[in-house]
Every structure is written in structure tokens, then in C-alpha cells.
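Input: a single structure, listed below in C-alpha cells.
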Amino acid sequence: MPSSPTQSGAHSANLGAGASASPDTAPARRTKPPRPIALALQGGGSHGAFTWGVLDTLLGETGLAIEALSGTSAGAVNAVALADGWAKAQQNGGSPADWRAAARNTLAGMWDEIGQWGALGALPARFAQALWGKAAATQWAHANLWTQALEGLLAPYQVNPLDLNPLRDLLRRRIDFEGLRRPDVPRVFVSATQVATGKAAIFSGRRLDVDAVTASACLPTLFRAIEIDGQTFWDGGYSVNPALSPLIAHCGDPDIVVVQINPLRRSELPTTAQDVLDRIHELNFNASLLAQMRGIDRINRLLADGALTRGGCKPVRLHRIDGGSALLAYSASTTTDPDPGLIRELFHIGQESARRWLGRHFEALGQRSTVDVGRDYDDDTRIEWPDACALPPNVQASG
């Protein structure tokens with residue numbers, strides 16, 4: 001896989017040197033001071049490699065200051081990897097450019113290892129593939145265990161009695177969660193879903209640890225619920241994907257950039273069983289984002305109209321980086337495939353998508369939103385009040 005191009009020239013030995021140009025070779029948008037942004041990273045299994053490509057490009061942009069990251073599932077993994085590389089380099093001294101380069105290297109190393117999951121054939125690697133949902137049905141057809149698990153006929157307590165979880169092991173080896181609390185390291189928020197209530201839980205600061213990130217990426221059909229402080233948690237995508245409110249509440253006045261993996265629209269009607277399941281997956285994991293974007297837009301409009309004061313609310317500038325038509329070519333079922341070639345392709349698409357977004361919208365940062373919420377996220381459930389309040393023809397008003 002092409003590695004993350006860095007200022008130090010380091011690259012991943014496992015996946016090869018990148019062929020695409022580094023954003024460091026492009027003309028830098030040097031603004032004084034850099035423009036602050038907060039990043040909201042959607043989850044999406046192996047499609048998180050797209051987000052890795054986006055982050056790689058943004059980290060190479062000296063005109064940006066990343067204040068915080070909020071991530072769900074694979075988005076959470078990307079968030080802690082970025083912050084970990086940043087924190088370790090900061091602890092060793094050096095300049096902000098060194099911190100950014102280290103963050104890019106840490107992301108590359110994380111995805112190198114995930115890519116190896118798709119290339120190995122040993123039993124632990126098959127469990128690793130299962131982390132992203134690819135239960136290797138053809139390899140396990142004689143037992144039919146993983147197929148039944150994915151279809152909901154068996155629970156992880158039968159299929160995975162040893163509770164093997166390769167992500168948990170990877171995080172323990174690679175991420176120093178204590179270091180994420182250092183000053184001047186971008187703050188990280190990770191979301192998971194409470195099994196008992198269905199509500200989202202946000203982990204940050206001292207609550208952010210291996211268990212929190214593992215919970216954020218816990219697929220309940222394949223892995224046991226993660227217990228934290230007496231409560232059990234599943235994948236954060238079931239409740240909030242990703243959480244925007246922590247970025248609004250805890251950041252100064254940055255622009256929020258959503259890195260969106262799941263497509264909002266597909267023009268073709270799904271007709272096969274797999275296509276239907278894929279689209280259901282995309283709709284489910286986009287639902288919370290649609291609701292959040294609509295809510296923020298509503299508050300922005302009320303503030304602009306003077307119907308709300310800014311005492312308890314503040315306007316939020318919203319932006320989005322997505323893969324457009326290039327990412328539409330990858331169905332939701334490929335989110336479960338840690339194939340190195342797929343990860344390489346998605347990484348490059350992410351890099352290019354971020355470069356394109358910077359070219360079009362960098363000057364809007366700090367000035368205005370670049371997302372048309374009404375077009376992309378609003379729905380048609382609102383009823384005009386004259387119509388809603390009108391009485392049926394055969395009913396007369398009393399009095």
C-alpha cells in the first residue's frame with residue numbers, strides 16, 4: 001500500500017512507497033495564524049482508509065490548525081492514531097511540522113497493520129477480518145459459524161468464545177492513551193452506543209482508553225459488548241456517527257469539517273439481497289448525521305433571524321469532505337474487507353478528495369459554511385402551518 005507521504009520521507013515498508021504527490025509539495029496556504037478546524041470522522045470499517053487519506057492531506061496543510069477530532073468506529077481509530085503520533089513527537093521536542101509528520105506516520109503504520117489482516121491466512125487473522133465484518137464465509141463454510149453469526153443466527157458468545165479482538169490488541173500496542181491528554185495535542189472525542197438505552201456515550205480525557213475505542217468499533221454480531229464502568233457498549237454508529245456536539249461545546253470557534261464515508265444518495269434502486277442490505281447499512285449509519293446537521297442548521301437560521309440570542313448558542317460553520325462519485329463505486333459490503341489493495345485505493349481517493357476540497361473551500365474557513373444543509377440533509381416531513389391547521393371540509397369551528 002502507498003504509505004503516508006511525510007516531510008521526513010519515511011514510508012511504510014510493508015505497503016510500499018506512495019506514488020502520489022505529497023501535499024507538502026503543493027503551494028502551502030500559509031495564513032497567520034492558521035485557520036482552526038475541528039474534524040468529525042464517520043465510521044465505516046475499511047472505508048476508514050479514505051479518512052486516513054483525507055487526514056494525511058490535511059496534516060500536510062500548514063494553513064490549518066486541527067483543534068479537535070470526534071470519531072466513531074473506524075473514525076475513532078483514525079482520531080486516536082493521529083493524536084498519538086502528534087503527542088509522542090511533541091514530547092520529544094521539535095516543531096509543529098514534526099508533530100504533523102509524526103501523526104501522518106502513525107496513521108500509516110496503523111493502516112499498514114490493518115492491511116496485513118487481509119493478507120494473512122492464520123486463524124488470528126481470520127478473526128481480524130471479522131472485526132470489519134468480513135467473516136470469511138467461504139473459508140468457514142464447512143462450519144457455517146460465521147455466516148450464521150452475520151445473519152443473526154448465532155451470537156459472538158458462541159462464535160467467538162475466547163473474545164478475540166485484534167483491534168483491542170493493536171490499540172494496546174500502538175497507542176499511548178495517557179499521552180493524548182498532553183496540552184496542545186488535538187482533543188479527541190470517541191462515541192459508543194449504550195446497549196441498555198441506545199443512547200450515545202462520549203469518551204474523552206481520562207475516560208478515553210483502549211476499551212472506549214474498542215467499544216466504538218464493537219460489531220455486536222461478532223464481538224461481545226464492551227463493559228465500561230458497569231455499562232455495556234456497542235458500535236457508536238448505532239447512535240451517533242459521528243458526534244458533532246462535543247466539537248461545538250468544547251472547541252473555541254472552529255469550523256467543523258465532516259469527513260463523510262457513507263454516501264447520502266444512490267441513484268440506482270437496490271434490487272438484489274446484497275444491495276438492499278448494503279443500502280440499509282448506509283441509511284442506518286447516516287441517520288444520526290442527518291439529524292445533527294438539520295439541528296445545527298435550524299439553530300444557525302434562528303440566530304441569523306434574531307429569534308435566538310447568542311448567550312447559550314453560537315453559529316457553527318459546517319463543511320464536508322466526501323469521496324463523491326469515486327467512493328460511490330464501493331458498496332457498503334466492502335467496508336468489511338481489509339484487503340491491502342482496497343485500502344490503498346481508498347487512501348488515494350481520500351488524499352485527492354481533501355486536495356480538491358482545500359482548493360475549492362479553503363478561503364471559506366472562518367467565513368461561512370460550504371455545505372447546503374437544506375439540499376443534502378433536510379427532509380420533506382415539515383408541513384406548512386396553514387395546511388396543518390386547516391379543518392377538514394366537513395368540520396366547522398366551534399364557538
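The values are calculated or read from the model by the stated rules, or taken from the named source; none is laboratory data. Just so it is clear, the structure is predicted and the values come from calculations on it, not from any experiment. Glycine gets a Cβ as well: all are built from the backbone with ideal geometry, and neighbour counts include every protein chain shown. Just so you know, the surface numbers come from the protein's heavy atoms only, side chains and all, with ligands and any DNA or RNA stripped out. Shrake-Rupley method; radii C 1.70, N 1.55, O 1.52, S 1.80 Å.
Matching residues to (1) buried (at least 18 other Cβ atoms within 10 Å of the Cβ); (2) closer than 23 Å to Gly374 by Cβ; (3) not aliphatic (A, V, I, L, M):
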position	(1), (2), (3)
Leu244	yes, yes, no
Gly252	no, no, yes
Val259	yes, yes, no
Asn262	yes, yes, yes
Pro270	no, no, yes
His281	yes, no, yes
Just one listed residue, out of Pro96, Pro23, Pro34, Pro5, is surrounded by 16 or more Cβ atoms within 10 Å (Cβ to Cβ) and modelled with pLDDT of 55 or more, and it is Pro34
Being modelled with pLDDT of 85 or more, closer than 21 Å to Asn241 by Cβ and not in a loop (DSSP other than H, G, I, E, B) narrows Leu171, Leu180 down to just Leu171
Flagged in the range 212-227 as open to solvent by 10 Å² or more (accessible area, probe 1.4 Å) and either hydroxyl-bearing (Ser, Thr, Tyr) or without any contact (Cβ under 8 Å) to a residue 24 or more places away in the chain (or both), in numbering order, are Thr221, Glu227
If we keep only residues of the range 336-375 that are over 23 Å from Leu64 (Cβ atoms) and over 18 Å from the mean Cα position of the chain (by Cα), then the residue surrounded by the most Cβ atoms within 10 Å (Cβ to Cβ) is Pro340
* Asked: Being modelled with pLDDT of 90 or more, of a type outside the set (S, T, N, Q) and open to solvent by 20 Å² or more (accessible area, probe 1.4 Å), is that true of even one residue in the range 65-84?
  -> yes
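Please enumerate the residues belonging to the range 228-242 that are in a loop (DSSP other than H, G, I, E, B), in contact (Cβ under 8 Å) with a residue 24 or more places away in the chain and open to solvent by 10 Å² or more (accessible area, probe 1.4 Å).
Going residue by residue through the range 228-242, those that are in a loop (DSSP other than H, G, I, E, B) are 229-230, 239-242.
Cutting the leftovers down to in contact (Cβ under 8 Å) with a residue 24 or more places away in the chain gives us 239-242.
Across the range 228-242, the qualifying residues are Ser239, Val240.
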Scanning the range 245-302 residue by residue, the ones that are closer than 24 Å to Ser325 by Cβ and assigned to a helix (DSSP H, G or I) total 17
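Would you tally the residues in the range 316-329 being surrounded by 14 or more Cβ atoms within 10 Å (Cβ to Cβ) and either touching a His at 6+ places or on another chain (Cβ under 7 Å) or without any contact (Cβ under 8 Å) to a residue 24 or more places away in the chain (or both)?
Going through the range 316-329 one residue at a time, the tally reaches 1.
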